[in-house]
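Read through the structure below, which is laid out as structure tokens, and then see the notes.
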Amino acid sequence: MPTSATARILLATTFNKLESQLPSFAKEAALSQSIYVASAEGHSGKSTIALGVLDALCRSVRRVGVFRPIARSVNERDYVLEMLLAHASADLGYEKSIGVSYDDVHTDADAALSVIVERYKAVERECDAVVILGSDYTDVGSPSELSFNARIAANLGAPVLLVLGGRKDQGSTETLGFSEPRTPEEMRQLTELALAELKHAHAHLLGIASNRSDPENLEKIKDAIGRAAMDTLGVSRAADSQGTEARDRIQVWALPEDRVLVAPSMSHLVEAVNGTMIKGDERLLAREALGVVVAGMSMVNVLPRLIEGAVVVVAADRTEVLLAVLMANASGTFPTMAGVILNGGFPLPEPIDRLISGLDSTLPIIATDLGTYDTALKVTSTRGRLAADSQRKYDKALALFEQHVDSKLLLELLDVSQSNVVTPLMFEYGLIDRARNAGKHIVLPEGSDDRVLRAASTVLARGIARLTILGDEAEIRMRAKTLGLDIDAAQIISPFEEPLRQRFAEEYARLRAHKGTTVEIARDTVTDVSYFGTLMVHLGLADGMVSGAAHTTAHTIRPAFEIIKTQTGVSVVSSVFLMALADRVLVYGDCAVIPDPTDTQLADIAISSAATAVQFGIEPRIAMLSYSTGSSGSGAEVEKVRSATELVRQHRPDLLVEGPIQYDAAADAAVALAKMPDSQVAGRATVFIFPDLNTGNNTYKAVQRSAGAIAMGPVLQGLNKPINDLSRGALVADIVNTIAITAIQAAQLPASTEVLA
């Protein structure tokens, strides 16, 4: 009699073998909200597609997990899996998200499949949807690997999104991940071979994504793949005479090749040549190398061959060439480099080392003992990879997916419905989508801050907003290139630029004439980036402004008080934080601007906060917070809140408001039932109005730190046009979110009509 464990394995293996015999149409009814992303070969850029699918699912589904049936290695962590797990909304952990290793598959494929199914089911139980990432052809590298992936997909009941590589097999023509594109006919042949494997394993095809495709032939490639899929899977072309309806049954998407995605970073090149960084800024090792220049010539012949984003290989004893490259990189009249690799193992002479140190260059200089040929060979054969540490690649991958894949249709094919629960990740995605649709123009005054430039790169790559950055154009563009950022689409303006400076000075003098401000005085004032940016918004040259990463709150919002001013009927400018909890988003106000509001101001804050809640899709139910609930307490502070509550009811009888009320009674249904059983707000509040800044600021920070909530803000409210402040400790993601929030606020106002020349 077998043991229970052995019996379970035998039963599972038998069931899996029987299940794999079922025709695909019999499985379709049992498909879950999961998707198997598989490729027909290695180096297809499958991780780009998987990231895009994961991103699309996270916008609609609460708990999205990632599962890797076959791990790259038991001894080395899978960087693709780590990248996807960092983006997933289900917190499963690395070990739980792995099935088996390649060795397990080789030892006993059937037993490995049983383990994969068992481990996947454990993940599936904790998720609403799962992105399953197929193997990477790091071991087998033959059609049999796709066949096994198809068999896994069939046994997991997950439809397959097949990824086809648009580049030919890697060979001598490859340089830094770039290779010759496949023709539409070659893509047709690859499609037929791959789909034959899926069909044989009875896997269900959801769609096909041709990645790294020839940008000049996207439509021809899609057509060739679609026709091949119809023929291979036996789909009738009878409807061709009526259009493309028959072909549309098999969804085909094509994403073009992008040089940034396939380029290796400088850190990867350091590993490839077994090098050591001897000079430069270590943070710049994240920059991608977009080309290679082997500087085996004299200085005057090397300089014309320098290209943007290249890594320059220089023999360590050719110090004059090294100095020329560093000077060219700093000059602004030559392309900027990704880095320099000194080969040969020769140490830098002391005078040269001292001279380079005095140049204050941040360009990474790497030393390797390899000779010129071996160094060049190692560099050119290094492949780029999409990993969690490359924000630029991450942005590029998502932007490509969003531009070329119909995410809405993809979710419909997966039968994914919108969740009623709003997680922080879902709320952030909603912000990005709404901002993108709004198409607004935001000005960023702090162009000298690297965080702002990184955020600008993300915003532009994903089409969140149009941007103007303030500062010296040459310096900002040079810094962006040094950081490996693409901000080419941004407009860059100096606050000293004429005729804008004069125009802004005249307008500011007009607005502040009652304070004795003259045009001469105003010409100095408007060169301050906060004033310049605010005047851009005031005059309709931008729809909103985001600042504060390098300036105080007072410095950011004082110009708004003087120039933008408050909306009609609003007595005070205030702020809210959008608090994204695990399953909902709340509005906290005021936590940043008014230290000790009067009852009238408190009422204004409540009304403005309710309007802000509506702007972001939150149904306003206002809790006017105090240390007592209802009529249970008394005192000046309680009376202030009680009076403010009555003022809200008088001015806006349509709003649901309760006060004074304690936080627990406002947020917890059980407490509310005991303290205020008949209230429409108690236990269900979405807008929390604090009696003073001391209470509000401490509470939002306590919730943020203790409950793990994401605090977005402060979002200023009550101004005629949106100006928003950043914390001086703001992360890049905070800046991106604030830009999106500002764009959404601007969408509620008349659009700017004037465009800067």
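The values are calculated or read from the model by the stated rules, or taken from the named source; none is laboratory data. Note that the coordinates shown come from a computational prediction; the quantities given were computed from them, not determined experimentally. In this analysis, Cβ positions are derived from the backbone assuming ideal geometry, glycine residues included, and neighbour counts consider all displayed protein chains. Note: areas computed on protein heavy atoms with side chains; ligands, DNA, RNA excluded. Shrake-Rupley method; radii C 1.70, N 1.55, O 1.52, S 1.80 Å.
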Problem set entry | Where residue 431 falls short, out of the listed (1) open to solvent by less than 50 Å² (accessible area, probe 1.4 Å); (2) not in a helix (DSSP H, G or I) | (2)
For this session: Consider only pairs whose beta carbons are under 9 Å apart and that are at least six residues apart or on different chains; among these, list those whose first residue lies in segment 160-180 and is open to solvent by less than 10 Å² (accessible area, probe 1.4 Å) and whose second residue is at pLDDT below 65.
Result: 177/170
Problem set entry | In segment 449-460, residue surrounded by the fewest Cβ atoms within 10 Å (Cβ to Cβ) [restricted to those that are touching a residue at least 40 places away in the same chain (Cβ under 8 Å) and not in a loop (DSSP other than H, G, I, E, B)] | 451
Exercise. Which helices (runs of 4 or more DSSP H) does segment 223-323 wholly contain that include 1 or more residues that are at pLDDT 95 or above?
Worked result: 266-272
For this session: Take segment 594-642 and flag every residue that is open to solvent by 40 Å² or more (accessible area, probe 1.4 Å), assigned to a helix (DSSP H, G or I), without any contact (Cβ under 8 Å) to a residue 60 or more places away in the chain and not basic (Lys, Arg).
Result: 599, 600, 601, 614, 636, 637, 639
Exercise. Can you tell me which residues in segment 728-757 are small (Gly, Ala, Ser) and modelled with pLDDT of 85 or more?
Worked result: 730, 733, 740, 743, 746, 747
Exercise. Quick one: is residue 540 under 30 Å from residue 397 (Cα atoms), assigned to a loop (DSSP other than H, G, I, E, B) and touching a residue at least 60 places away in the same chain (Cβ under 8 Å)?
Worked result: no
For this session: Please go through segment 512-526 and pick out each residue that is buried (at least 16 other Cβ atoms within 10 Å of the Cβ) and under 19 Å from residue 499 (Cα atoms).
Result: 522, 523, 525, 526
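Only one residue in 280, 275, 296 is surrounded by 20 or more Cβ atoms within 10 Å (Cβ to Cβ), among the small types (Gly, Ala, Ser) and touching a residue at least 40 places away in the same chain (Cβ under 8 Å). Which one? Walk me through it before giving the result.
Numbers: 280 fails: surrounded by 20 or more Cβ atoms within 10 Å (Cβ to Cβ); 296 fails: surrounded by 20 or more Cβ atoms within 10 Å (Cβ to Cβ).
So the residue among 280, 275, 296 that is surrounded by 20 or more Cβ atoms within 10 Å (Cβ to Cβ), among the small types (Gly, Ala, Ser) and touching a residue at least 40 places away in the same chain (Cβ under 8 Å) is 275.
Taking residue 13 as the residue in question, decide whether it is assigned to a helix (DSSP H, G or I) and either modelled with pLDDT of 90 or more or in contact with a Gly (Cβ under 7 Å, 6 or more places away or on another chain) (or both). Even if it seems obvious, please write down each step before you answer.
Values: assigned to a helix (DSSP H, G or I): yes; either modelled with pLDDT of 90 or more or in contact with a Gly (Cβ under 7 Å, 6 or more places away or on another chain) (or both): no.
Considered against the rule, which asks whether it is assigned to a helix (DSSP H, G or I) and either modelled with pLDDT of 90 or more or in contact with a Gly (Cβ under 7 Å, 6 or more places away or on another chain) (or both), residue 13 comes out as no.
Within the bounds of segment 340-352, is there any residue that is at pLDDT below 90, open to solvent by 70 Å² or more (accessible area, probe 1.4 Å) and not in a helix (DSSP H, G or I)? So that I can check it myself, show each step before the final result.
Filtering segment 340-352 for residues at pLDDT below 90 gives none.
No.
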For this session: Output the number of the condition that residue 184 fails; it satisfies all remaining conditions of (1) modelled with pLDDT of 90 or more; (2) under 28 Å from the mean Cα position of the chain (by Cα); (3) surrounded by 15 or more Cβ atoms within 10 Å (Cβ to Cβ).
Result: (2)
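If you scan segment 643-660, which residues turn out to be charged (D, E, K, R) and either under 15 Å from residue 587 (Cα atoms) or surrounded by 22 or more Cβ atoms within 10 Å (Cβ to Cβ) (or both)?
Answer for segment 643-660, where residues must be charged (D, E, K, R) and either under 15 Å from residue 587 (Cα atoms) or surrounded by 22 or more Cβ atoms within 10 Å (Cβ to Cβ) (or both): just 658.
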Problem set entry | Meets criteria (part of a loop (DSSP other than H, G, I, E, B) and either at pLDDT 85 or above or not acidic (Asp, Glu) (or both)) for residue 47 | no
Exercise. Does segment 574-593 hold any residues that are under 14 Å from residue 725 (Cβ atoms) and surrounded by fewer than 24 Cβ atoms within 10 Å (Cβ to Cβ), and which are they?
Worked result: 592, 593
Problem set entry | Failed condition for residue 530, given (1) of a type outside the set (Val, Ile, Thr); (2) touching a helix residue (DSSP H, G or I) at 6+ places or on another chain (Cβ under 6 Å); (3) in a loop (DSSP other than H, G, I, E, B) | (3)
Exercise. Where residues in segment 461-504 are among the acidic types (Asp, Glu) and part of a loop (DSSP other than H, G, I, E, B), which of them is surrounded by the fewest Cβ atoms within 10 Å (Cβ to Cβ)?
Worked result: 498
Exercise. Of the residues that sit in segment 669-699 and are among the hydroxyl-bearing types (Ser, Thr, Tyr) and within 39 Å of the chain's Cα centre (by Cα), which one is least open to solvent (accessible area, probe 1.4 Å)?
Worked result: 686
Seminar exercise, completed: Quick count over segment 186-222, residues being acidic (Asp, Glu) and part of a loop (DSSP other than H, G, I, E, B), is 1
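Got a sec? Which strands (runs of 3 or more DSSP E) wholly within segment 51-162 have at least 3 residues that are of a type outside the set (Gly, Ala, Ser)?
Values: elements: 64-71, 98-101, 129-133.
Result: 64-71, 129-133.
Restricting attention to segment 543-573, report how many residues are part of a loop (DSSP other than H, G, I, E, B), in contact with a helix residue (DSSP H, G or I) (Cβ under 7 Å, 6 or more places away or on another chain), open to solvent by 30 Å² or more (accessible area, probe 1.4 Å) and over 16 Å from residue 718 (Cα atoms).
Taking segment 543-573 as the starting set, the residues that turn out to be part of a loop (DSSP other than H, G, I, E, B) are 543, 548-552, 564-565, 567-573.
Okay, now just the ones that are also in contact with a helix residue (DSSP H, G or I) (Cβ under 7 Å, 6 or more places away or on another chain), so 543, 548-549, 551, 564, 570-573.
Next, from what is left, pick out any that are open to solvent by 30 Å² or more (accessible area, probe 1.4 Å): 551, 571.
Right, trim to over 16 Å from residue 718 (Cα atoms) and you get 551.
Result for segment 543-573: 1.
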